[in-house]
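These notes concern the structure reproduced below.
The values are calculated or read from the model by the stated rules, or taken from the named source; none is laboratory data. Not measured: the values here are computed from a predicted model. Neighbour counts are summed over all protein chains in view; Cβ atoms, including those assigned to glycine, are modelled from backbone coordinates with ideal geometry.
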């Protein structure tokens, strides 16, 4: 794809022709961009398109749609392998080569809401991660809420190529859930793993969405520690460290010691590229220049980077102003199989 696109928003662009509305299950809503469905199946003067909410097959005929829905073989179980599940939400990995028709139909549907999406038919080199929700009161039914895709082999180490939360399900922070899952599935934490990010250049909307995601990820790291940790446990450990540091500082009659780290070290701890770390910190507005003494200036070489101060009190204030919850939307215990935390994998092996 030539550029990443994120749609988890707000503004609805004007449709430039073709399909004006889609019926997805029991929902009907307007499209945002021009249809690129094959003209022999969906003519240019088609205003309403019927799309199966499970397999994304499409038709212009309401009767044919009703007949298909009754017989769709994906009506009870999604395609692919489940990689994440928590609170009724699940993410399923689907190989574009193995399930080509599904991937093509999903991509065609997504184009109605993504301006810059460019891959619709050559889907074999992509993996698709579909987000579903299952109501506990109706466990045999599920809803597809959105998805993200990524290249199987990305020379730029991109962990995401395209992402979309369908319009009826937006403004529920589900886009951030998928972004978080995409970072986990990039395997940056594994031995020999490499850090990446979304495909560049980002659209204007994509930049805004990812900047907020990075800012929240950065706030959680600075206040609670690396992603996936237990907030309560980390807070307790942080309090103990702070008390010990204050006692030591009092004995030395100095100001409390500061924890020093580089941008690259922060990136290694969060799975973020250095430039994305900088984008997040600047966007949050919590960076203060360090007041250097004469001795420090003498000891600074031309190759040293700029030193700044980040106060946890300012980070906490930022979370309050922006109504950011410190609980990560992606729960570590929700990952399944090879992606599960090591302690859960060991438990599964002992139970087997």
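Within region 326-348, is even one residue at pLDDT 90 or above, more than 21 Å from residue 92 (Cβ to Cβ) and part of a helix (DSSP H, G or I)? No, the conditions are met nowhere in region 326-348. Among the residues of this structure, residue 109 counts as one that is closer than 24 Å to residue 40 by Cβ, surrounded by 15 or more Cβ atoms within 10 Å (Cβ to Cβ) and within 22 Å of the chain's Cα centre (by Cα). Cβ separations smaller than 7 Å between residues 6+ apart or across chains give the following pairs from region 58-84 residues that are surrounded by 12 or more Cβ atoms within 10 Å (Cβ to Cβ) to residues that are in a helix (DSSP H, G or I): 58/105; 59/65; 79/102; 83/185; 83/337; 83/339; 84/181; 84/334.
Listed by first and then second residue, the pairs with beta-carbon distance under 7 Å, at least 6 apart or on different chains, first residue in region 177-192 and closer than 15 Å to residue 341 by Cβ and not assigned by TED's automatic domain parsing to the domain that holds residue 266, second at pLDDT 85 or above and part of a helix (DSSP H, G or I), are 184/339; 185/339. Taking the listed residues 7, 14, the one that is closer than 28 Å to residue 210 by Cα, crowded, with 20+ Cβ neighbours inside 10 Å and modelled with pLDDT under 95 is 7, with no other qualifying.
Residues that are modelled with pLDDT of 95 or more and under 22 Å from the mean Cα position of the chain (by Cα): list the strands (runs of 3 or more DSSP E) wholly contained in region 20-100 that include at least 1 such residues. Correct list: 81-86, 89-95.
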